[in-house]
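Asks: Provided herewith is a single structure, encoded as C-alpha cells, for subsequent inquiry.
Computed from the coordinates by the stated procedures, all read-outs in this text should not be read as laboratory data. Note that the structure is predicted; figures quoted are calculated from it, not measured. Note that we place each Cβ from the backbone using ideal geometry, even for glycine, and neighbour counts take in every protein chain shown.
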Amino acid sequence: MTTGLHTPLVAKVLYEDKIDAAAHWSLRVRKGTSLKLIDVEGGANVGMLFYNPENMLERYNAPDTLKGQHTFKLTKGNCLYSDMGRIFCSIVDDSVGWHETVCGNTTKKIVEEKWGEKNYQEFRNEWNQNGYNSFLVELAKYGLGKKDMAANLNLFSAVGVDDEGNLQYLENNSKAGDSVTLRFEMDTLVLMHTCPHPLSTATEYPRKPVTYQILQSGEVEDGDFCRNYRDENARGFQNNEIYHLGGACCHD
Amino acid sequence: MIKESELVVSQASFQETVLAGDYFMKVIKKGQTFRILDLAGNQAADTLFYNAADPSERYSAVDTIREQLNVYLTAGTKLISNENNVMLEIVADTCGRHDTLGGACATESNTIRYSLDKKCMHACRDSWMLAIAENEQYGMTKRDITHNINFFMNVPVTKEGGLTFEDGISSPGKYVELTAHMDTIVLLSNCPQLNNPCNAYNPTPVEVIIWD
C-alpha cells in the first residue's frame with residue numbers, strides 16, 4: 001500500500017465521528033492533518049469559522065480569501081486565508097464543486113419565519129437550532145463573542161450571482177456521499193455547525209448530519225496542486241513557512 | 001441604480017476632505033445624511049459602521065447581502081447590522097454600484113495579492129488600527145474590525161463564480177449618500193493602495209459632507 005501523501009482519499013484515517021443535524025461542535029486541527037467532511041444524506045450545510053489558537057485575533061477572512069484568488073466560489077485548489085496573510089487550510093479534494101462564504105447564518109428569526117419555531121422544551125434535541133446561536137455558543141467556549149464572528153463558510157452550499165448581482169440559492173448542490181477535504185497548513189481552531197443554509201428553499205427544516213474524519217496529510221511538496229493553483233497561494237504558503245520557521249517540521 | 005441627491009452643499013452642517021491614506025471617524029446622528037464625494041474619481045473609501053450606543057453592533061456585509069439578495073450596494077440598499085437591524089440606507093448614488101465582497105487592503109493581504117516585499121506599504125487596515133488607537137473613547141480593538149464596504153469599487157461576480165476587479169465606474173464628482181437610522185460611528189479609510197490599477201496607482205482625496 002502506498003503512503004498516499006498527496007491523495008487524501010487514501011490517507012490514513014486517524015479519527016472519525018459524526019455531527020448530528022442542526023448541531024454545533026469545535027475542535028483543534030493540527031498542521032499536517034486534514035479534515036474531511038462527508039454529507040451523509042445530501043443537502044447538508046456546514047457553517048465554519050477558523051481561529052489561530054496561538055492568537056485568537058487571527059481569524060478566517062472571507063474577503064481576503066475571495067479577492068486573493070479572484071473567486072466567488074470555493075472548491076479544490078482554493079486556500080482559506082486568515083486576516084494575517086496566512087493559509088489556515090487548503091481544499092485538497094472536493095466532490096461538490098462549489099462552496100459559498102458570503103451569506104452568513106440562519107438566525108432565530110430566520111428559522112422561525114421559514115420553518116416555524118421548534119423549541120427545546122417541547123422538541124429536545126430535535127429543536128430548530130440556528131447557525132448564529134450555534135457559533136455564539138462555540139465562540140464563548142474560547143472566550144470569544146459576537147465581535148469575533150467573521151463571515152463564515154457554508155460548505156456544501158452554493159449561491160449564484162447574475163449580471164445584476166442578484167443572488168440565487170443553487171438547489172441540489174451536494175448529494176449523499178459528497179465530501180470536501182481541508183488540509184490544514186497551520187494549527188487551527190475550527191468552529192462548525194450543521195444548521196441549514198439561510199437561503200435554503202426546503203419546505204421543512206432540513207436536518208442533515210455530517211461525518212467528519214481527521215486524516216494524516218503529510219508534507220506539502222513544491223508541485224502541490226493548491227500551492228500552485230494561483231501565484232497568490234504560493235505566496236500564502238511562503239507566509240506560513242515564515243510563521244513556522246525554526247519549529248518542528250511536522251506532527252507525528 | 002443611479003439616483004441624484006436633492007441636498008445642497010451650501011446647507012450642509014459639516015464638510016471635510018479626507019486625504020488618501022488618512023482615516024475619518026465620527027458619529028453620524030440618527031436622521032443625519034452624509035455624502036462621500038469622490039473628488040478625483042476611481043478612489044476607494046473603505047468604510048465600517050458601528051452603533052454609537054454599542055459598537056458591538058456593527059455593519060455586517062453578509063447580513064446585508066443576504067437580506068437584499070444582491071451582492072452590490074446602491075441607492076435603496078439598507079445596510080444591515082450583525083443584529084439584523086437597519087443601520088443606514090443609501091439614499092442617493094451617482095456611481096451605481098459599490099462593493100462589499102472584497103474587504104480592505106492590509107499589509108499582510110498585500111503580501112498575498114502582490115508580493116511579500118510589499119509588506120510595509122501603507123494599507124487601509126493600518127489606518128483603522130491607528131483610528132481605534134487614537135479614539136479610545138469608542139473602546140474598540142482589532143476584534144471590532146470586520147468586513148467593510150468599498151464605496152466606489154467595482155468588483156463584479158461572474159455567473160461561473162469568478163470575482164473580477166474592474167476599473168472603477170466612478171469618476172470625479174460622483175458620490176454616494178447615506179441616511180443614518182441610528183446614531184452611527186463612521187470609520188472610513190481613504191484607501192492608500194499603490195498596487196492596484198483600479199485607481200491608476202494614484203490614490204486621491206474624498207470629501208465627507210453631512211446634513212442635519
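Asks: For region A:98-142, how many residues are of a type in the set (Lys, Arg) and not in a helix (DSSP H, G or I)?
Replies: Applying the first criterion (of a type in the set (Lys, Arg)) to region A:98-142 yields A:108-109, A:114, A:118, A:124, A:141.
Now drop any that are not not in a helix (DSSP H, G or I), which leaves A:118, A:141.
So the count comes out to 2.
Asks: Of all residues in region B:21-59, how many are in contact with a helix residue (DSSP H, G or I) (Cβ under 9 Å, 6 or more places away or on another chain), of a type in the set (S, T, N, Q) and buried (at least 24 other Cβ atoms within 10 Å of the Cβ)?
Replies: Final tally of qualifying residues: 1.
Asks: Which of the residues that make up region B:60-74 are surrounded by 22 or more Cβ atoms within 10 Å (Cβ to Cβ) and assigned to a loop (DSSP other than H, G, I, E, B)?
Replies: B:Ser60, B:Val71, B:Tyr72, listed by residue number.
Asks: Turning to a different aspect of this structure: Would a scan of region A:170-184 turn up a residue that is within 15 Å of the chain's Cα centre (by Cα) and charged (D, E, K, R)?
Replies: Our first condition is that a residue be within 15 Å of the chain's Cα centre (by Cα); within region A:170-184, this holds for A:174, A:178-184.
Next cut, charged (D, E, K, R) only: A:178, A:183.
Yes, there is a match, as at least one residue in region A:170-184 is within 15 Å of the chain's Cα centre (by Cα) and charged (D, E, K, R).
Table: residues versus (1) of a type in the set (Ser, Thr, Tyr); (2) within 13 Å of chain B (Cβ to nearest Cβ).
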{"site": "A:Gly32", "(1), (2)": "no, no"}
{"site": "A:Lys36", "(1), (2)": "no, no"}
{"site": "A:Gly42", "(1), (2)": "no, no"}
{"site": "A:Thr71", "(1), (2)": "yes, yes"}
{"site": "A:Leu74", "(1), (2)": "no, yes"}
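Asks: Taking B:Thr77 and the conditions (1) over 12 Å from the mean Cα position of the chain (by Cα); (2) touching a residue at least 60 places away in the same chain (Cβ under 8 Å); (3) more than 9 Å from every other protein chain (Cβ to nearest Cβ); (4) crowded, with 24+ Cβ neighbours inside 10 Å, which numbered condition does it fall short on, given that it satisfies the others?
Replies: (2)
Asks: How many of the residues in region A:116-175 are aromatic (Phe, Trp, Tyr), touching a strand residue (DSSP E or B) at 6+ places or on another chain (Cβ under 7 Å) and within 14 Å of another protein chain (Cβ to nearest Cβ)?
Replies: In the first step, residues of region A:116-175 are kept if they are aromatic (Phe, Trp, Tyr); the result is A:120, A:123, A:127, A:132, A:135, A:142, A:156, A:169.
Remaining after also requiring touching a strand residue (DSSP E or B) at 6+ places or on another chain (Cβ under 7 Å): A:135, A:142, A:156, A:169.
In the following step, the residues that additionally are within 14 Å of another protein chain (Cβ to nearest Cβ) were identified as A:135, A:142, A:169.
The total comes to 3.
Asks: Which residue, of B:Tyr138, B:Tyr175, is surrounded by fewer than 23 Cβ atoms within 10 Å (Cβ to Cβ), over 16 Å from B:Asp93 (Cβ atoms) and in contact with an Asp or Glu (Cβ under 9 Å, 6 or more places away or on another chain)?
Replies: Details: B:Tyr175 fails: over 16 Å from B:Asp93 (Cβ atoms).
Of B:Tyr138, B:Tyr175, the one residue that is surrounded by fewer than 23 Cβ atoms within 10 Å (Cβ to Cβ), over 16 Å from B:Asp93 (Cβ atoms) and in contact with an Asp or Glu (Cβ under 9 Å, 6 or more places away or on another chain) is B:Tyr138.
Asks: Just checking, how many residues over region A:227-252 are out of contact with any Cys (no Cβ under 6 Å at 6 or more places or on another chain) and either under 19 Å from B:Ile112 (Cα atoms) or of a type in the set (S, T, N, Q) (or both)? If you could, list the steps in order and put the result at the bottom.
Replies: To start, the set of residues in region A:227-252 that are out of contact with any Cys (no Cβ under 6 Å at 6 or more places or on another chain) comprises A:227-232, A:234-235, A:237-252.
If we keep only those that are either under 19 Å from B:Ile112 (Cα atoms) or of a type in the set (S, T, N, Q) (or both) too, we end up with A:227-232, A:234-235, A:237-245.
Residues flagged as out of contact with any Cys (no Cβ under 6 Å at 6 or more places or on another chain) and either under 19 Å from B:Ile112 (Cα atoms) or of a type in the set (S, T, N, Q) (or both) within region A:227-252 amount to 17.
Asks: Please report, ordered by residue number, the strands (runs of 3 or more DSSP E) entirely within region B:122-195 with at least 1 residues that are among the polar types (S, T, N, Q) and away from chain A (no Cβ under 14 Å). Lay out the reasoning, then the answer.
Replies: On the way: elements: B:149-151, B:174-180, B:184-190.
By residue number, B:174-180, B:184-190.
Asks: Would you mention how many residues in region A:87-102 are surrounded by fewer than 24 Cβ atoms within 10 Å (Cβ to Cβ) and either facing chain B (nearest Cβ under 8 Å) or at positive phi (or both)?
Replies: So the answer is 2.
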